[in-house]
Structure formats: structure tokens, C-alpha cells
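**Q** Okay, here's the structure, questions in a sec.
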Amino acid sequence: WGVPSDLSMKPEITAPGGNIYSVNGAVAGGQAYEVMSGTSMAAPQVAGMAALVAQYIRENGLKEKTGVSVRHLAQSLLMSTAEPVYDASILRQGAGLANVSNAIHAESYVLVNGQPDGKVKVELGDDPDRTGVYSADFTLNNLTDEAIEYTLSADVFTQAPVSSAEDRVHGSQCCLDG
């Protein structure tokens, strides 16, 4: 977890990966199950979620409707509808905990300029001149045939986890207004 040397944000999304009851592949015949944790437990869940969202996209003709590839649209839907885990740093969770139900019930999808792969993230990178000025552009795309109104708000994630809803609100206002 954390930021690689190229300053990209990793991980990009989170899935259950702790205390998973699974078969131990090291035992001949795969007959032994045990509780395991780690990316080897979370990765199959993310792959399964991506497959379900891709199936939804294909069955509903969303690739043709949007002009966005199945892979890119699936990534956008999973990342933009993930649920933040407020007691974990963004460096440990990325966009948050993936939620297939949220993804397939989304009425819109987000594309972030500069992210050609459908990933809904802004990577600010280095600021060698120390200007402290950052910007990001995104497009919110409607998946329905009806007009939708949005009220935009933002959660600001930092490396320090926030312990309460009150801290989240004050922290966001501080960072957005200051």
C-alpha cells in the first residue's frame, strides 16, 4: 500500500481480503481450508466484481450507448461508487470498498481527464515549484434517458485517518475553503 515512486495512487480500490475462509493451495488436492488474509484473498473478489459489472454493461448495451469500452466503464463504475472506509488512510483503500450493487444501480459514470483507462482518480504528482495549486477536470455522464440534477460535494482524504463524522466535515471544509 502507499504511493509508488512515480507518485501514482495505489491501491485503486479495496475488497474484502482479511480473514477469508479459503482453500489452501499448498495442500495436495486442495482439501485443506483455512482462514487467510492479504491481496491473494482480495484480488479474486475484485476480479469477480469486475466480471459482474462487465456482464451488466454488456447485457444493457452500455458500451454502445456510452462509446466507452467495457473495461473502462467497469472501472469507472466500480471506483466512483466505492464506499470510503473512513477509519483507513486513502493509501490503504484507494477509492474505497468496491460495491457491485452500487455500480450496477448507478445513474451516471465519471471520466477523469488525464485518466484514459476509466480510473476515477486524480493523481497530483510532484509540485517541485511548491505552488500548492492543483486542479482536476472530470466529466459526469448520464446513463439514464432523463435529466438528472446533481449537487456536488467533496470528501478530502489525507494520509491521516479521521475518527468521526464531525472531523470529516470540519476537515473537508477546512481543506476546501482554506
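The values are calculated or read from the model by the stated rules, or taken from the named source; none is laboratory data. These figures come from a predicted structure and were not determined experimentally. FYI the Cβ positions are ideal-geometry reconstructions off the backbone, even for glycines, and counts take in every protein chain you see. Protein only, heavy atoms only, side chains kept; ligands, DNA and RNA dropped before computing areas. Shrake-Rupley method; radii C 1.70, N 1.55, O 1.52, S 1.80 Å.
**Q** Mean separation of Cα pairs under 8 Å and 6+ residues apart, divided by the residue count of region 56-163: what relative contact order is that in percent? Before the final figure, lay out the partial values.
**A** Numbers: 134 pairs, mean separation 30.6, N = 108.
About 28 percent, as a whole number.
**Q** Could I ask something else about it? Can you compute the modelled spin-label distance between Ala43 and Leu124, with each label point 7 Å from Cα toward Cβ, in nm?
**A** The modelled label-to-label distance comes out at 3.1 nm.
**Q** Continuing with the same structure: Which whole-number percent is the relative contact order of region 1-115 (Cα, under 8 Å, 6+ apart)?
**A** 29
**Q** Shifting gears a bit: Give me the accessible area per residue for region 78-138, probe 1.4 Å, as a whole number in Å². Intermediate results must be reported in sequence, preceding the final value.
**A** Details: 3460 Å² over 61 residues.
For region 78-138, the solvent-accessible area averages 57 Å² per residue.
**Q** If you don't mind, there's one more thing I want to ask. Any chance you could run the full-extension gain for Ala147 through Asn99? It's 0.36 nm times the residue separation minus the Cα-Cα distance, nm to one decimal.
**A** On the way: separation 48, 0.36 × 48 = 17.28 nm, distance 2.49 nm.
Length difference between fully extended and current span is 14.8 nm.
**Q** A follow-up question, please. Out of every Cα pair in region 34-74, what percent are spaced more than 11 Å from each other? Could you put the intermediate results ahead of the total?
**A** Numbers: 533 of 820 pairs.
Of all Cα-Cα pairs in region 34-74, 65 percent lie more than 11 Å apart.
**Q** Show me, bin by bin at 10 Å from 0, the whole-percent P(r) of region 32-105 based on Cα pairs.
**A** Percent of pairs per bin, in order: 19, 44, 26, 10, 1.
**Q** Using unit Cβ charges (K, R positive; D, E negative) and no other charged atoms, how large, in debye to the nearest 20, is the dipole of region 29-137 about its Cα centre?
**A** Values: 8 positive and 12 negative charges, 64 e Å.
Once rounded to the nearest 20, the dipole reads 300 debye.
**Q** Give me the Kirkwood hydrodynamic radius of region 74-117, using the inverse of the mean 1/r over all pairs of distinct Cα atoms, in Å to one decimal. Write down the numbers at each step before the final one.
**A** Values: mean 1/r = 0.0903 Å⁻¹.
It is 11.1 Å.
**Q** Using only alpha carbon positions, build the gyration tensor of region 1-131, then give the equivalent ellipsoid semi-axes as the square roots of 5 times its eigenvalues, largest first, whole angstrom.
**A** On the way: eigenvalues 156, 105, 30 Å².
Three semi-axes, in Å: 28, 23, 12.
**Q** Moving to a separate point now. Within the accessible area of region 28-111, what % is carbon and sulfur when the probe is 1.4 Å and the other protein chains stay in place? Please report the intermediate quantities before stating the final value.
**A** On the way: 2420 of 4390 Å².
C and S fraction of accessible area: 55 percent.
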